[in-house]
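Heads up: the structure comes next, in structure tokens.
The values are calculated or read from the model by the stated rules, or taken from the named source; none is laboratory data. Since we're looking at a predicted model, the values are computed, not measured. For neighbour counting, all protein chains shown are included, and Cβ atoms are generated from backbone atoms with ideal geometry for every residue, glycine included.
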Amino acid sequence: MAGTSNHNQLPATSELIESQLIKTAQILEDTLDEQINYLDNLNDDDLETIRQLRIKQMKEESKQRSEWLAAGHGVYSELSNEKEFFTASKTSLSGLVCHFYRDSTFRCKIVDKHLSLLAPKHIECRMVKINAEKSPFLTKRLNILVIPTLILVKNEKVCDRIVGFDELGGNDEFPTALLEWRLAVGKVIKYSGDLSTPPDAVINKSGSSNMSNITKHSNKSLHSKCCSDSDDNDND
């Protein structure tokens with residue numbers, strides 16, 4: 001009898017779902033009709049006001065873009081000295097990513113590749129690198145213990161950091177999209193995707209996700225040796 005009762009309930013459940021879908025579709029249709037009706041009823045003055053507002057917005061965006069480009073945004077470049085880091089922090093209030101690198105560390109070349117691709121895509125954030133060995137004051141002040149380390153700065157304040165590759169899947173083959181997502185989590189670039197989870201591209205060759213290695217803030221303990229290579233850390 002119980003089986004017959006459950007069987008009889010299925011059509012009712014199906015009808016309920018269908019009814020809800022119809023209601024949702026009707027609401028969406030009504031909303032669209034309202035928007036179309038609003039646009040149809042706009043007079044010439046309304047349209048001109050909208051046009052002028054859009055022109056103003058475009059001019060402001062163009063001005064901001066020009067200011068960013070003049071400040072060095074849009075290209076991945078190297079800072080010559082520590083003073084330039086502080087200057088960049090002041091002129092790039094919307095966002096600054098500084099890669100502390102060392103020539104002998106292979107993984108720094110990987111970071112260079114990804115930031116070179118992201119810099120022209122996200123001109124709202126300046127992306128630079130600085131030689132850690134030639135920046136003793138900064139490495140000490142910012143507690144740079146692992147190379148590579150990315151320091152994220154906004155409004156002249158360090159807001160986040162990416163230490164080594166632990167937060168990027170823990171391997172050298174991470175996609176640029178993952179670093180892009182991580183920078184967005186740090187709030188230094190604009191991002192249209194879902195910040196709650198990394199992009200779908202974060203899948204290793206075996207088909208399993210590397211989610212366990214990807215977190216907003218790495219819990220990996222800092223090494224006592226200043227400027228140690230993340231390459232070496234993985235081999236320990």
Exercise. Tell me which residues, restricted to the range 144-183, are within 16 Å of Arg126 (Cβ to Cβ), touching a Gly at 6+ places or on another chain (Cβ under 7 Å) and crowded, with 18+ Cβ neighbours inside 10 Å.
Key: Leu152, Lys154, Asp160
Quiz item: Got at least one residue in the range 68-90 being acidic (Asp, Glu), loosely packed, with under 12 Cβ neighbours inside 10 Å and out of contact with any strand residue (DSSP E or B) (no Cβ under 6 Å at 6 or more places or on another chain)?
Solution: no
Quiz item: Can you find even one residue in the range 103-113 that is among the hydrophobic types (A, V, I, L, M, F, W, C), part of a helix (DSSP H, G or I) and surrounded by fewer than 20 Cβ atoms within 10 Å (Cβ to Cβ)?
Solution: yes
Practice problem: Restrict the check to the range 43-66 and report whether at least one residue is closer than 30 Å to Pro148 by Cα and assigned to a helix (DSSP H, G or I). | Solution: yes
Practice problem: Residue by residue through the range 168-188, note down the ones that are out of contact with any strand residue (DSSP E or B) (no Cβ under 8 Å at 6 or more places or on another chain) and assigned to a loop (DSSP other than H, G, I, E, B). | Solution: Gly169, Gly170, Asn171, Asp172, Glu173, Phe174, Pro175
Practice problem: Say whether the condition of being within 19 Å of Ala184 (Cα to Cα) and out of contact with any Cys (no Cβ under 7 Å at 6 or more places or on another chain) is met by at least one residue in the range 77-92. | Solution: yes
Exercise. Show the residue pairs that are 6+ apart or on different chains and have beta-carbon atoms under 7 Å apart, the first residue being within the range 87-100 and more than 16 Å from Ser135 (Cβ to Cβ), the second being of a type in the set (Gly, Ala, Ser).
Key: Thr91/Ala71; Ser92/Ala71
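Tell me, please, whether a residue that is in a loop (DSSP other than H, G, I, E, B) and either of a type outside the set (A, V, I, L, M, F, W, C) or free of Cβ contacts under 8 Å to residues at least 24 places away in the same chain (or both) can be found in the range 124-132.
Residues of the range 124-132 that are in a loop (DSSP other than H, G, I, E, B), as a first pass: 124-125.
From the residues that got through so far, the ones that are either of a type outside the set (A, V, I, L, M, F, W, C) or free of Cβ contacts under 8 Å to residues at least 24 places away in the same chain (or both) too are 124.
Yes: one or more hits.
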Practice problem: Select, from Asn37, Asn6, the only residue that is at pLDDT 75 or above and surrounded by fewer than 10 Cβ atoms within 10 Å (Cβ to Cβ). | Solution: Asn37
